[in-house]
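Reading through the structure tokens given below for one structure.
The values are calculated or read from the model by the stated rules, or taken from the named source; none is laboratory data. Remember, it's a predicted structure, so these values are computed and weren't measured experimentally. Neighbour counts run over all protein chains shown; Cβ positions are idealised from the backbone, glycine included.
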Amino acid sequence: MTYTSVGPRGQEIFQGQKDYIFPCVGHLYKEPVVLAKGEGAKAWDADGKEYLDFFSGILTTSVGHCHPRIVGAISEQAKTLGHTSTLYVTKPQVDAARRLAAITPGALNRVFFSNSGSEAIETAVNLACLATGRMEVIALRGGYHGRSTLATNLTGLSSWRPLASTMANVKHARAPYPYRCGHDGPCDERCAEKYAQELEEVIATTTNGRPAAFLAETIQGAGGYIVPPPGYFQRVAEIIRGVGGYLIIDEVQAGFGRTGKWFGIEHWDVVPDIMIMAKGIAGGMPVGATVTTDEIASRWSGKTISTFGGNPICMAAMAETLDIMQEENVPGRAVERGRQLRAGLDALAARYEWIGEVRGMGLMQAMELVKDRKTKEPFAERTSIFMETAREEGLLIGKAGLRDNVLRFGPSLLITEREVADCLERTARVCERLERT
Ligand code: PMP
């Protein structure tokens, strides 16, 4: 097959991928974008085409590609001590943990480092089970928590559950989805109460009544940037704690200033018992973190080890990322630039009927595409074409949602006013082109 949007160098690299990588490793487009270089909010493919990156490796290059300070920290550490395993104590790990504790809410000061969001989820759920002596966990439909067997089973999106349900101990409650809320009236506090009651019902009817934990993302990421109604998290925290379980909050996508606060859950004034972080934590280096209180952490009895967890090079990158984030006040920047991005996307929604909803917080914004605003019939085909057209306009964005009809915008948290304006101009051109088809 000849590729029209991939140049000769890209084609050669992609051929290698097809020859050697698992075929399930997919990409977002009909023909892949083969990336070769990045700098700040820009990325270049192997044949030199430039892109404005508003997906940042799934919200992970949190302070942009190849930030010189992070590159410096990585190089210095690589020259000094590159690996130890968690069996040895290192200053980079302690430095990274101390910086993290400075921004986590409440008494969540104790961390276990691993290498990915999936591993951080495993650690959190295992910790909850070990600490409570219980075995059942409730997650939310529409949620995404990773690719390990346990994380796949905690995930509530069928396309990300290829192993089907092999674990009996996970139950799923219905998640709020204000745009497609089945309840009458606006999706407000009263609606939040109904969803909270559904959690109570799931506990009462599908568990032994003694779950170890309730697990949720603050804003569902792969689900399509769904922001729950006010009051929801306060109520589910009461409910799970009322039956002796823990509240585990997955901040893998929403964490590190992206929503306008250091962590998404802070918008609801709830302090979880266990928090999970990854993606943007180390500016693109692989770090997963499970954070909890002294008391809960002390209940992990028995041995555990992570060979690569707390790796000095990754920890050096993380400490530098958090320093940059503090100095640049990324939560504040996300509020301002998020407002600009949101206003631009709202203006497009006012013009185009097929943009059913714009939603999100800070620099985590999405547009849900529909065929008809009244019926809200999902428009997955247009969403795919939108992605392809955006690529032609040199704009990288993401796609999500149970119905594959949600576009995601999640740029570097250091994104500038000009870059957001540029993204909006390109997005407007995509909309115009789609309107004509
Ligand atoms: N939780 C959430 C909310 C995520 O978005 C992801 C990754 N998309 C994960 C967990 C799993 O992270 P990883 O891919 O690093 O295992």
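Values as computed for the structure displayed
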{"read-out": "Within segment 384-424, tally of residues that are among the charged types (D, E, K, R) and closer than 18 Å to residue 60 by Cβ", "value": "3"}
{"read-out": "Test set (1) away from the ligand (no atom under 13 Å from the Cβ); (2) modelled with pLDDT under 95; (3) part of a helix (DSSP H, G or I) - residue 152 fails condition number", "value": "(1)"}
{"read-out": "Exclusive hit being in contact with a strand residue (DSSP E or B) (Cβ under 7 Å, 6 or more places away or on another chain) and either part of a loop (DSSP other than H, G, I, E, B) or within 16 Å of the ligand (Cβ to nearest atom) (or both), set 43, 97, 120", "value": "120"}
{"read-out": "Flag if residue 104 is away from the ligand (no atom under 16 Å from the Cβ), within 21 Å of the chain's Cα centre (by Cα) and at pLDDT 95 or above", "value": "yes"}
{"read-out": "Pick from segment 344-381, criterion outside any strand (DSSP E or B) and in contact with a Ser or Thr (Cβ under 9 Å, 6 or more places away or on another chain), ranking: surrounded by the fewest Cβ atoms within 10 Å (Cβ to Cβ)", "value": "348"}
{"read-out": "Segment 107-117 - residue that is small (Gly, Ala, Ser) and part of a loop (DSSP other than H, G, I, E, B) and, of those, farthest from the ligand (Cβ to nearest atom)", "value": "107"}
{"read-out": "Residue among 5, 62, 75 that alone is at pLDDT below 95 and either among the small types (Gly, Ala, Ser) or in a helix (DSSP H, G or I) (or both)", "value": "5"}
{"read-out": "Complete set of residues in segment 15-34 that are without any contact (Cβ under 8 Å) to a residue 24 or more places away in the chain and either in contact with a helix residue (DSSP H, G or I) (Cβ under 8 Å, 6 or more places away or on another chain) or crowded, with 18+ Cβ neighbours inside 10 Å (or both)", "value": "25"}
{"read-out": "Number of the condition not met by residue 143 [criteria: (1) in a helix (DSSP H, G or I); (2) in contact with a strand residue (DSSP E or B) (Cβ under 7 Å, 6 or more places away or on another chain); (3) within 14 Å of the ligand (Cβ to nearest atom)]", "value": "(1)"}
{"read-out": "Some residue of segment 281-292 being part of a helix (DSSP H, G or I) and crowded, with 23+ Cβ neighbours inside 10 Å", "value": "yes"}
{"read-out": "Segment 172-186, residues that are more than 22 Å from the chain's Cα centre (by Cα) and within 16 Å of residue 220 (Cα to Cα)", "value": "181"}
{"read-out": "Sole exception among (1) on the phi < 0 side of the Ramachandran plot; (2) surrounded by 15 or more Cβ atoms within 10 Å (Cβ to Cβ) for residue 57, by number", "value": "(1)"}
{"read-out": "Verdict on residue 220 being within 12 Å of the ligand (Cβ to nearest atom), polar (S, T, N, Q) and touching a helix residue (DSSP H, G or I) at 6+ places or on another chain (Cβ under 9 Å)", "value": "no"}
{"read-out": "Failed criterion for residue 88 (all others in (1) within 16 Å of the ligand (Cβ to nearest atom); (2) aromatic (Phe, Trp, Tyr); (3) surrounded by fewer than 18 Cβ atoms within 10 Å (Cβ to Cβ) hold)", "value": "(1)"}
{"read-out": "Number of positions in segment 403-433 that are closer than 25 Å to residue 256 by Cα and in contact with a Lys or Arg (Cβ under 9 Å, 6 or more places away or on another chain)", "value": "12"}
{"read-out": "Number of positions in segment 236-279 that are in a loop (DSSP other than H, G, I, E, B), near the ligand (Cβ under 10 Å from one of its atoms) and among the hydrophobic types (A, V, I, L, M, F, W, C)", "value": "3"}
{"read-out": "Qualifying residue in segment 55-63 (condition: away from the ligand (no atom under 16 Å from the Cβ) and either under 25 Å from residue 294 (Cβ atoms) or under 25 Å from the mean Cα position of the chain (by Cα) (or both))", "value": "yes"}
{"read-out": "Selected residue [of a type outside the set (Phe, Trp, Tyr), without any contact (Cβ under 8 Å) to a residue 24 or more places away in the chain and assigned by TED's automatic domain parsing to the domain that holds residue 324] from 110, 98", "value": "98"}
{"read-out": "Of residues in segment 393-437 being assigned to a loop (DSSP other than H, G, I, E, B) and polar (S, T, N, Q), the one farthest from residue 370 (Cα to Cα)", "value": "416"}
